[in-house]
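Data block below; observations after.
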Amino acid sequence: MSYFRILSTLLFITALIPLQSYANSTTESQLVEFVETFVKNNIDLPVEGKIEINVAAIDPRITISPCLTKLKANMPENHHARSVNVKVYCKDNTPWQLYIPVRISQKIPVVVTNNILAKGSVVDASNTQLEYINVHNIRGESINNIKMVSGGRLKRRLSKGAVVSPRNICLVCKGETVTIIAKSNDFMVKTIGIALSDGSKGEQVRVKNNKSGRKINARVEAVNKVVINL
């Protein structure tokens, strides 16, 4: 028996309501709206993201008496669950309660490919797009702004619709020419070198100074650009 079918049966069994019909009974749409509003007001939104709430249908055999006091609700403290049971209850002279299943989908903006991209492809706005993805379907790090990696190269092939992550892009790629910036609070010097390893933004890579031949470690700052803090 499915999850929603079991809980629908639970709704019927646990509803503390009179068996007779009420002309002014609380409607399903009113309860759904109440639950949606309650969940939205009591769940943490993902950063720059959005949520989708799907309230389960209420068993049509259940007749709910009007609540003469303000409806109340609560749900488990784990607001990040994919499914929660919201308890809706009335505390007037004829009290009743319902457990209503709700599915919660939290989505965040993520950069994905809009076509199949081969290893070594340069990533930019022409071959990627921003899409809202369920957080439970994302593995590892993701990127929410193409500008962060635009101009970088793919370290492996990606299929259409694949999530672009820092781990599969090198802003500095082995064998490519890079600008080496050595700086302190007082001065800055630029020179040209060759990358001896791949690196994403913020990572340390090995580079060779073309002028001196010296091999050093530097931090990736942007596409083909590394920094050494003196």
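A short reminder: the numbers here are calculations on the coordinates, not readings from a lab. In this text the structure is predicted, and so the values were computed from the model without any measurement. So basically every Cβ, Gly included, is an ideal-geometry build from the backbone, and we count neighbours across all protein chains shown.
Just check segment 177-229 against the gyration tensor rule for me: Cα atoms, a ≥ b ≥ c as the square roots of the eigenvalues, rounded for a/c under 1.5, and otherwise prolate or oblate depending on whether a/b exceeds b/c.
Oblate is the answer for segment 177-229, as a/c is 1.5 or above yet b/c matches or exceeds a/b.
Magnitude of the Cβ-charge dipole of segment 108-170, K/R +1 and D/E -1, about the Cα centre, nearest 20 debye?
Charge dipole, segment 108-170, about its Cα centre: 320 debye, nearest 20.
Can you find, among Ile64, Met188, Val164, the residue farthest towards the positive end of the dipole of the chain? Put +1 on the C-beta of Lys and Arg, -1 on that of Asp and Glu.
In the chain, that residue is Met188.
Could you pull out every one of the lysines with an alpha carbon less than 17 Å from that of Lys91, ignoring same-chain neighbours closer than 8 positions?
Here the lysines satisfying the reach criterion relative to Lys91 are Lys70, Lys72.
So, with +1 on the Cβ of K and R and -1 on the Cβ of D and E, and no other charges, what is the size of the charge dipole of segment 177-229 about its Cα centre, to the nearest 20 debye?
180 debye
Give Lys147/Lys174; Lys40/Lys155; Lys119/Lys208 a once-over and call out the pairs whose C-alpha atoms are over 28 Å from each other.
Lys40/Lys155
Fewest Cβ neighbours within 10 Å first, please rank Ser126, Ser142 accordingly.
Ser126, Ser142
With the cut-off at 1.5 for a/c, could you classify segment 52-104 from its C-alpha gyration tensor as rounded, prolate or oblate?
It is oblate, given that a/c is not under 1.5 and a/b is not larger than b/c.
Relative to the first principal axis of the alpha-carbon coordinates of the chain, what is the inclination of helix 3-14, with its axis defined by its Cα atoms, in degrees from 0 to 90 and to the nearest 10?
Taking the Cα atoms of the chain, the angle to 3-14 is about 30 degrees.
Sorted by mean Cβ packing within 10 Å, highest first, what order do the peptides 200-208, 105-113, 47-55 take?
Put in order of decreasing packing, that is 105-113, 200-208, 47-55.
Specify whether the C-alpha gyration tensor of the chain places it in the rounded, prolate or oblate class, a ≥ b ≥ c being the square roots of the eigenvalues: rounded for a/c under 1.5, otherwise prolate if a/b is larger than b/c and oblate if not.
Because a/c hits 1.5 or more and a/b exceeds b/c, the chain counts as prolate.
For Glu33 paired with Glu77, estimate the spin-label separation in nm (one decimal), with each label point 7 Å from Cα along the Cα-to-Cβ line.
3.4 nm
Taking H as built 1.01 Å from N, whose amide H comes closer than 5 Å to the amide H of Glu176, not counting residues under 5 places away?
HN-HN under 5 Å from Glu176: Ala195.
Lys and Arg at +1, Asp and Glu at -1: add these up for the other residues within a Cβ distance under 11 Å of Lys119 and post the number.
For residues surrounding Lys119, the net value is +4.
Tell me, what is the percent relative contact order of the chain, built from C-alpha pairs under 8 Å that lie six or more residues apart?
14 percent
Give me the angle, in degrees from 0 to 90, between the Cα long axis of helix 28-41 and the longest principal axis of the Cα atoms of the chain, rounded to the nearest 10.
Compared with the principal axis, the helix lies near 40 degrees.
Calculate for the chain the 222 nm mean residue ellipticity that helices alone would give, adding -39,500 (n - 2.57) per DSSP H run of length 4 or more and normalising by residue count, nearest 500 deg cm²/dmol.
For the chain, the value works out to -3500 deg cm²/dmol.
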